[in-house]
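Heads up, the thing below is written out as structure tokens.
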Amino acid sequence: MTTHADPSARLGDNWKSITSLILGVFSVVMAIAFGLGVVVGVLAVAFGGRSLYESNTMGARPNIKAISGVLLGIVGLVLFVAT
């Protein structure tokens, strides 16, 4: 008897990492265009950090989308502070 895993539960490709990437890009755009982006940047770092933590505890490789979201969120925060 074979069991099939839920395709949405794949390791490393979850909604938190994708959300982190989208929010990270949005935080950089908001910081450059309007001088805002602190809330979105914090959310990007939080979602990306949680996604990385979950992939680490499951033994999966770190997800590039989550890493990119965290880095872009930090860039958005730095741009917010610099402007």
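Bear in mind these aren't lab numbers, they're just calculated from the coordinates by the rules spelled out. Computed from a prediction, not measured in an experiment: that's the story for all the values here.
May I ask you to evaluate 6.51 cos²θ - 1.76 cosθ + 1.60, the Karplus curve with θ = phi - 60°, for each residue of the range 26-34 and list the ³J(HN,Hα) values in order in whole Hz, giving x for glycine and proline?
5, 5, 5, 4, 5, 5, 6, 6, 10
State, as an integer percentage, the relative contact order of the range 31-83 based on alpha-carbon contacts under 8 Å between residues 6 or more apart. Please list the in-between numbers first.
Details: 55 pairs, mean separation 28.2, N = 53.
About 53 percent, as a whole number.
Please state the relative contact order of the range 20-59 as a whole percent: Cα pairs under 8 Å, 6+ residues apart?
Relative contact order for the range 20-59 comes out at 41 percent.
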